[in-house]
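Engineer: Pasting a structure below so you can have a look.
Since every read-out is calculated from the coordinates, none of them should be taken as a lab result. Keep in mind it's a predicted model, so treat the numbers as computed, not measured. Here the Cβ is made from the backbone with ideal geometry for all residues, glycine too, and neighbour counts use every protein chain on show.
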Amino acid sequence: MSSRNGSSRDEHDSFTAQVAAAERFAKAMVLAFAVCEEIRAPLTDIQKITIIEAALLEFDGLESQLGSLAGISELLRSLR
């Protein structure tokens, strides 16, 4: 099934999941930086940038991983 803009439902679901994960992770990072400030162990800007870069690299490929998981799930459903 295709949506109005031509992308498939799985692509839409994958994108939605990726955005939701990125939002939650970004909130967690902001909270972690704030905790570091509160306990008087602030991170330098370079440390924060390095952490954010590492996180972004972890998100690279998330869409294809989600697609693979969805494909496996569909394959298992078809075996019933």
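Engineer: Place a +1 charge on the Cβ of each Lys and Arg in the chain and a -1 charge on the Cβ of each Asp and Glu, then give the dipole magnitude about the Cα centre in debye, rounded to the nearest 20.
Structural biologist: That gives a dipole near 320 debye.
Engineer: Right, another one. Report, in deg cm²/dmol and to the nearest 500, the calculated mean residue ellipticity at 222 nm for the chain, where each DSSP H run with n ≥ 4 adds -39500 (n - 2.57) and the sum is divided by the residue count.
Structural biologist: The per-residue figure over the chain is -27000 deg cm²/dmol.
Engineer: Sticking with this one: Which residue, ALA32, SER64, VAL19, has the largest displacement toward the positive end of the dipole of the range 9-78 when charges sit on each Cβ (Lys, Arg +1; Asp, Glu -1)?
Structural biologist: ALA32
Engineer: Roughly what percent of Cα-Cα pairs across the range 9-78 reach past 17 Å?
Structural biologist: Roughly 54 percent, rounded to a whole number.
Engineer: For the range 26-57, which trypsin sites (Lys or Arg not before Pro) are both in a DSSP coil and crowded by at most 11 other Cβ atoms within 10 Å?
Structural biologist: ARG40
Engineer: Oh, and also: Roughly what would the spin-label model give for SER68 and ALA17, points 7 Å off Cα along C-beta, in nm?
Structural biologist: Distance between the two pseudo-spin positions: 1.3 nm.
Engineer: Another one. How high is the relative contact order of the chain, in percent, with contacts defined as C-alpha pairs under 8 Å that are six or more residues apart? Could the numbers behind the result be given before it?
Structural biologist: Working: 21 pairs, mean separation 28.0, N = 80.
Relative CO of the chain lands at 35 percent.
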